[in-house]
Amino acid sequence: MRPIQRKRVPGLNAWEARWYHGTKWVRVSSANGKSRRARRFSLMVLGGWVMERAQHNLRFTELARARAYAQAHGLRQKAVCHIVRRGTELLVFDHVPDGGAGVQVVAGGLEAGETPEQAALREAGEETGQDGFQVVGFLGSAVWLNTEHAKRELRHFVHLTAPDDLPDTWQHCADGHLFSFRWEPLHSARVDWEMDAFLPELG
């Protein structure tokens, strides 16, 4: 595992950090015009420090090991749903009205006593307002740095299938948020917030 690095930045208030949670370039520019950039890094400013870490710096293919790691380090666990229709389409959604939260897939925290597969099936129904989903299997787990809360969390990626007759597009309100769902080609789907970590496993 590559450790989280912290770098002191002189004159921090003169710096502007911009980041994108994907595979874009990250640029950090100072007031004097000098800049640097790094690929596949997440950045955030915390108490005068710039913290950076490589994407997906720790992955697991065995669920038992992943959950043991989360328990040992006190990490929140989430299920991330890769919901596939007809073997070729991935379910994604935007927040309505402005889509400012990026393109996402269904995800949510594990409740007490739940397995990732159980949580994924529950979240799929709650967030989409649809039913008929079926769990195919566990794809893998990845540690992610939640920059909003400055905490790491462990994400379990689960493959599910959807009924062929689900609508091509629809909207659903869950937890006070309005989501706009659509299907994207599986081979070219782009998802933000590092929610695409195990998409290649779907072929």
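Considering only region 162-203, state which residues are at pLDDT below 95, of a type in the set (Asp, Glu) and more than 16 Å from the chain's Cα centre (by Cα). Of everything in region 162-203, just one residue is at pLDDT below 95, of a type in the set (Asp, Glu) and more than 16 Å from the chain's Cα centre (by Cα), namely Asp175. Restricting attention to strands (runs of 3 or more DSSP E) lying wholly within region 128-203, give those where 2 or more residues are in the same structural domain as Val92 (by TED's automatic domain parsing) and crowded, with 20+ Cβ neighbours inside 10 Å. Ranges flagged: 134-146, 151-162, 177-185. Take the residues in region 113-161 that are under 17 Å from the mean Cα position of the chain (by Cα) and among the basic types (Lys, Arg); name whichever of them is modelled with the highest pLDDT. Checking each candidate, the answer is Arg155. None of Glu153, Glu123, Glu111 is touching a residue at least 24 places away in the same chain (Cβ under 8 Å) and more than 21 Å from Trp183 (Cβ to Cβ) except Glu153. Taking each residue of region 66-89 that is assigned by TED's automatic domain parsing to the domain that holds Val143 and looking for partners that are buried (at least 18 other Cβ atoms within 10 Å of the Cβ) and basic (Lys, Arg) with beta-carbon atoms closer than 9 Å, six or more apart or interchain, yields His73/Arg152; Leu75/Arg152; Arg76/Arg152; Gln77/Arg67; Gln77/Arg155; Lys78/Arg155; Ala79/Arg155; Val80/Arg155. Note on region 71-118: among residues that are in a helix (DSSP H, G or I) and in contact with a His (Cβ under 9 Å, 6 or more places away or on another chain), the one that is farthest from Glu194 (Cα to Cα) is Glu117.
The values are calculated or read from the model by the stated rules, or taken from the named source; none is laboratory data. Just so you know, these numbers come straight off a predicted model, no measurement behind them. All Cβ positions, even for glycine, are placed from backbone atoms using ideal geometry, and neighbour counts span all protein chains on display.
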